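Here is the structure we will look at, set down as structure tokens.
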Amino acid sequence: MKQFMGKKQLLLAVLVVALGSAVYLNYYFSLGEPKMTTGGNNNVSDTAGDTTKNLGDSQYVNSPEPTAAQENPDDYFVKARANRKAAREEALDIIEDLLSDVKNNEQIQQEALARGAAIAASVEQESKVESLIIAKGFSDCVVYIEGEKCSIVVRCEGLTPIMAVQITDIVSSQSNIVAQNVNIVTVN
């Protein structure tokens, strides 16, 4: 009786799931982690006078996480770009491993090359869109392009319909993404 899936197909399936998980986790963590709260008083005073607090340090365990108003908005965009870059590097490492494995057949290598080219195209499009949005007067933004969908996090007080149309027009002109697939999120 033939095997349902060979070793190569199983390896490819595992790598595709790992890549999908990496992209999902990057997207999830870049938009902000859900805040967990407890019913008790978790305030901890800083007796050492240290201004840099690392949650997880022994004296800060169970202290509340800073709210969005307390966090520096620049940190959000820096973290989002770092998370996006790390997820891409992980995906490219997986693709590189697929290409360098001589046991993989031509079809798997072609699929890996196509996925690598898609990532490169997304990187280029995201860079162009971010630059053009900032040129329109926004102070900062992060763009995520995944297939036929685009999510944009932009810093502004209130997004007017005109601003949303400008951003959507930029995305549509720089990619093949239609306006209905553009999601814009604001951060103050």
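A few comments on the model shown:
- In summary, the convex hull built on the alpha carbon positions of segment 65-188 has an orientation-averaged projected area of 9.1 nm².
- Each label point was placed 7 Å from the Cα along the Cα-to-Cβ direction; for Lys8 and Val123 their separation is 2.8 nm.
- FRET efficiency for the Thr160 to Glu96 pair, using the beta carbon distance and R₀ = 35 Å, is estimated at 0.20.
Taken together, the values in this text are just the output of simple stated rules run on the coordinates, not laboratory data. Everything numeric here is computed off the predicted structure, so don't read it as measured data. Reconstructed Cβ throughout: ideal geometry from the backbone, glycine too, with neighbour counts over all protein chains shown.
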